[in-house]
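Enquirer: Structure provided below as structure tokens; questions to follow.
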Amino acid sequence: GGVGELVSTFPLQKERRVVLRNSGFIDPNNIEDYIARDGYQALAKVLSSMKPLDVIEEVKASGLLGRGGAGFPTGLKWEFTYKAPGEEKFVVCNADEGEPGTFKDRLILEGDPHSIIEAMTIAGYAVGASKGYIYVRAEYPQSIAHLEKAINQAREYGLLGKDILGSGFSFDIKIRKGAGAYVCGEETALLNSIEGGRGEPRIKPPYPPQKGLWGKPTVINNVETLANIPPIILNGAKWFKNIGTPTCPGTKVFTLTGNIVNAGLIEVPMGITLRELIFEIGGGIPGGRGLKLVQTGGPSGGTMTPELLDVPMAFDTLPKYNSALGSGALTVIDDSHCIVDVVKSFAEFFLHESCGKCTPCRIGNKRIVEILENIERGKGTRESLVLLKALGENMKATAFCGLGQAAPNPLLRCLQVFEEEFAAHVEGKTCPVGVCKLEKKM
Ligand code: NAI
């Protein structure tokens with residue numbers, strides 16, 4: 001196993017495990033352990049008593065929203081793929097989570113690989129696909145090892161391959177490893193990568209349900225999304241809708257990182273607040289320091305400041321506050337950090353990870369980092385801030401894919417929220433928290 005010690009075992013009142021139901025409790029390398037906890041029961045139910053459209057209706061009725069970060073309705077995606085004309089269709093599991101601070105899918109894959117195999121097979125039955133691919137980042141060797149073992153075991157037990165459980169339905173899964181590029185988590189770049197091409201994004205639409213892998217209808221779901229499928233099928237959509245909020249049902253796995261006492265991951269119902277996550281579950285900020293901001297969903301997500309501590313966390317609530325739930329990464333940043341430095345470190349990440357296909361992202365991130373470096377050195381002016389805002393807005397409007405469009409999110413938000421701190425750097429030539437060494441003109 002190995003994963004048990006990573007998942008908290010002390011009772012946490014607010015914890016509600018759906019996707020981490022087995023993690024730490026079973027030996028992930030033993031299919032019998034999974035079966036003993038209702039494993040493959042949902043697949044058996046689907047194959048013996050449900051038509052593909054029944055499965056799709058159940059997933060639609062559950063209100064499950066995609067957990068990769070965008071929150072698109074999973075059932076709709078399945079329906080689009082089912083309805084798309086074509087003899088050959090595919091199921092792809094996106095296990096290339098690369099958002100800084102995000103490591104939820106890793107724990108699911110390491111701790112409960114069969115749940116993903118079962119869910120993909122159910123998806124295959126629902127949309128009419130007989131082949132699945134799991135695209136896993138190569139930085140997750142343990143996830144890959146557990147998946148390989150699990151796939152072989154499932155084949156031995158007749159749960160993958162030809163004529164599964166004597167139903168006449170056939171489905172099999174292949175693993176594809178990423179090679180370290182963040183952009184390959186973007187679904188169309190991922191598809192190109194599986195096909196053996198460069199990991200560069202495609203234009204959308206057409207979306208993968210219409211034209212996906214090798215141009216064929218493809219349903220592509222995130223690991224955490226898929227892990228919800230077997231319990232939804234077994235317990236029903238109504239059960240699922242009773243967890244979380246009415247418009248964003250279910251749980252969310254949050255990863256707590258940065259300046260927080262209890263770093264790690266926790267699965268809780270949607271609708272929980274940052275205050276509960278950081279100060280109750282997370283044990284607060286070390287050294288009694290103040291909270292400056294929480295970056296939600298990693299650098300490509302949203303920026304939340306202390307006055308938003310009581311906002312319910314869900315896909316539909318955070319955009320009202322110019323923020324985003326994204327992958328569920330929570331990077332807590334205390335008041336000892338300089339905002340210019342924080343924003344620069346995010347920009348450096350995007351600069352490093354830009355695939356270079358489009359100019360706004362390739363050049364925009366480069367210029368943003370340069371300007372922020374100048375501000376840190378005391379060489380910034382009011383004009384620098386105007387330029388940063390214009391660059392960010394242009395990238396948002398014109399970058400080719402989600403990477404470049406999301407890259408300026410923290411910059412634009414922080415320019416607004418921390419206006420005074422930026423102004424102190426460019427006008428007062430001082431860093432209010434004393435991090436930057438500004439050269440002052442004599
Ligand atoms: P998107 O909004 O374009 O699409 C989300 C999903 O819905 C995609 O699968 C897309 O194909 C589908 N979709 C949207 N409209 C559709 C339509 N009309 N018909 C059929 N399917 C449709 O967002 P995108 O660019 O795929 O993802 C952005 C999100 O990814 C952000 O929220 C960000 O937080 C998250 N993200 C997560 C990372 C991670 O490591 N988990 C890394 C980077 C970003």
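Enquirer: Which of the residues that make up the range 299-312 are within 25 Å of T245 (Cα to Cα) and within 16 Å of the ligand (Cβ to nearest atom)?
Expert: S300, G301, G302, T303, M304, listed by residue number.
Rundown of residues vs (1) away from the ligand (no atom under 14 Å from the Cβ); (2) of a type in the set (D, E, K, R), yes/no style:
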site: S49; (1), (2): yes, no
site: V55; (1), (2): yes, no
site: F72; (1), (2): no, no
site: K83; (1), (2): no, yes
site: E88; (1), (2): yes, yes
site: A95; (1), (2): no, no
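Enquirer: Could you please find all residues in the range 220-239 being among the polar types (S, T, N, Q), open to solvent by 10 Å² or more (accessible area, probe 1.4 Å) and in contact (Cβ under 8 Å) with a residue 60 or more places away in the chain?
Expert: Correct list: N222 only.
Enquirer: Does any residue in the range 22-40 that is open to solvent by 20 Å² or more (accessible area, probe 1.4 Å) come within less than 7 Å, Cβ to Cβ, of a residue that is at pLDDT below 95 and among the small types (G, A, S) six or more places away or on a different chain, and which pairs are these?
Expert: G24/G4; D27/G1
Enquirer: May I pose another question? Kindly indicate which of I151, I108, I122 is hydrophobic (A, V, I, L, M, F, W, C), out of contact with any strand residue (DSSP E or B) (no Cβ under 8 Å at 6 or more places or on another chain) and open to solvent by less than 10 Å² (accessible area, probe 1.4 Å).
Expert: Result: I122 is the single residue among I151, I108, I122 that is hydrophobic (A, V, I, L, M, F, W, C), out of contact with any strand residue (DSSP E or B) (no Cβ under 8 Å at 6 or more places or on another chain) and open to solvent by less than 10 Å² (accessible area, probe 1.4 Å).
Enquirer: Given the structure, is G39 closer than 28 Å to E187 by Cβ and within 14 Å of the ligand (Cβ to nearest atom)?
Expert: The answer is no for G39.
Enquirer: Can we say R362 is at pLDDT 95 or above, open to solvent by 80 Å² or more (accessible area, probe 1.4 Å) and either under 28 Å from L330 (Cβ atoms) or not hydrophobic (A, V, I, L, M, F, W, C) (or both)?
Expert: yes
Enquirer: State yes or no: is Y133 in contact with a Lys or Arg (Cβ under 7 Å, 6 or more places away or on another chain) and either open to solvent by 10 Å² or more (accessible area, probe 1.4 Å) or not polar (S, T, N, Q) (or both)? Outline the logic, then answer.
Expert: Details: in contact with a Lys or Arg (Cβ under 7 Å, 6 or more places away or on another chain): yes; either open to solvent by 10 Å² or more (accessible area, probe 1.4 Å) or not polar (S, T, N, Q) (or both): yes.
Considered against the rule, which asks whether it is in contact with a Lys or Arg (Cβ under 7 Å, 6 or more places away or on another chain) and either open to solvent by 10 Å² or more (accessible area, probe 1.4 Å) or not polar (S, T, N, Q) (or both), Y133 comes out as yes.
Enquirer: Can you report the number of residues in the range 313-343 which are part of a helix (DSSP H, G or I) and either within 13 Å of the ligand (Cβ to nearest atom) or open to solvent by less than 30 Å² (accessible area, probe 1.4 Å) (or both)? Step through it out loud before you land on a result.
Expert: Of the range 313-343, the ones part of a helix (DSSP H, G or I) are 318-321, 339-343.
Checking the rest, the ones that are also either within 13 Å of the ligand (Cβ to nearest atom) or open to solvent by less than 30 Å² (accessible area, probe 1.4 Å) (or both) come to 318-319, 339-340, 342-343.
So the answer is 6.
Enquirer: Moving to a separate point now. Given the conditions (1) open to solvent by 10 Å² or more (accessible area, probe 1.4 Å); (2) outside any loop (DSSP other than H, G, I, E, B), and given that G271 satisfies all but one, which numbered condition is not satisfied?
Expert: With (1) open to solvent by 10 Å² or more (accessible area, probe 1.4 Å); (2) outside any loop (DSSP other than H, G, I, E, B) applied to G271, the lone miss is (2).
Enquirer: Is there a residue in the range 158-177 that is open to solvent by 20 Å² or more (accessible area, probe 1.4 Å) and within 10 Å of the ligand (Cβ to nearest atom)?
Expert: No, that holds for no residue.
Enquirer: Hey, among T303, T257, which residue is surrounded by fewer than 23 Cβ atoms within 10 Å (Cβ to Cβ) and either among the aromatic types (F, W, Y) or over 24 Å from G63 (Cα atoms) (or both)?
Expert: On the way: T303 fails: surrounded by fewer than 23 Cβ atoms within 10 Å (Cβ to Cβ).
T257 is the lone residue from the list that is surrounded by fewer than 23 Cβ atoms within 10 Å (Cβ to Cβ) and either among the aromatic types (F, W, Y) or over 24 Å from G63 (Cα atoms) (or both).
Enquirer: May I ask you to verify whether E87 is of a type in the set (D, E), open to solvent by 50 Å² or more (accessible area, probe 1.4 Å) and within 20 Å of the chain's Cα centre (by Cα)? Full working, then the answer.
Expert: Details: of a type in the set (D, E): yes; open to solvent by 50 Å² or more (accessible area, probe 1.4 Å): yes; within 20 Å of the chain's Cα centre (by Cα): no.
Taking the combined requirement at face value, the residue does not satisfy it.
Enquirer: Shifting gears a bit: Looking only at the range 190-219, count every residue that is open to solvent by 10 Å² or more (accessible area, probe 1.4 Å), touching a helix residue (DSSP H, G or I) at 6+ places or on another chain (Cβ under 7 Å) and either β-branched (V, I, T) or not assigned by TED's automatic domain parsing to the domain that holds E110 (or both) and tell me the total.
Expert: The number of residues fulfilling the criteria is 1.
Enquirer: Right, next: Six or more apart or on different chains, Cβ under 7 Å: which pairs go from a residue in the range 372-384 that's farther than 12 Å from L415 by Cβ to one that's assigned to a helix (DSSP H, G or I) and among the small types (G, A, S)? Could you list them?
Expert: From the range 372-384, the pairs are N374/S384.
Enquirer: Same structure, new question: Can you say whether N242 is closer than 30 Å to G24 by Cα and either open to solvent by 50 Å² or more (accessible area, probe 1.4 Å) or modelled with pLDDT of 95 or more (or both), as far as the supplied structure shows?
Expert: Answer is yes for this residue.
Enquirer: Can you tell me which residue among G178, G197 is under 26 Å from L351 (Cα atoms), free of Cβ contacts under 8 Å to residues at least 60 places away in the same chain and not β-branched (V, I, T)?
Expert: When all the criteria are applied, what remains is G197.
Enquirer: Could you list, in sequence order, the residues of the range 61-70 that are surrounded by 18 or more Cβ atoms within 10 Å (Cβ to Cβ) and within 16 Å of the ligand (Cβ to nearest atom)?
Expert: Taking the range 61-70 as the starting set, the residues that turn out to be surrounded by 18 or more Cβ atoms within 10 Å (Cβ to Cβ) are 62-69.
Of everything in the range 61-70, those that are surrounded by 18 or more Cβ atoms within 10 Å (Cβ to Cβ) and within 16 Å of the ligand (Cβ to nearest atom) turn out to be G63, L64, L65, G66, R67, G68, G69.
The values are calculated or read from the model by the stated rules, or taken from the named source; none is laboratory data. The model shown is predicted, which means the values in this text are computed figures rather than measured ones. Glycine also receives a Cβ, built like all others from the backbone with ideal geometry; neighbour counts cover every protein chain displayed. For the accessible areas, the whole protein counts, side chains as well, though only heavy atoms, and no ligand, DNA or RNA atoms are used. Shrake-Rupley method; radii C 1.70, N 1.55, O 1.52, S 1.80 Å.
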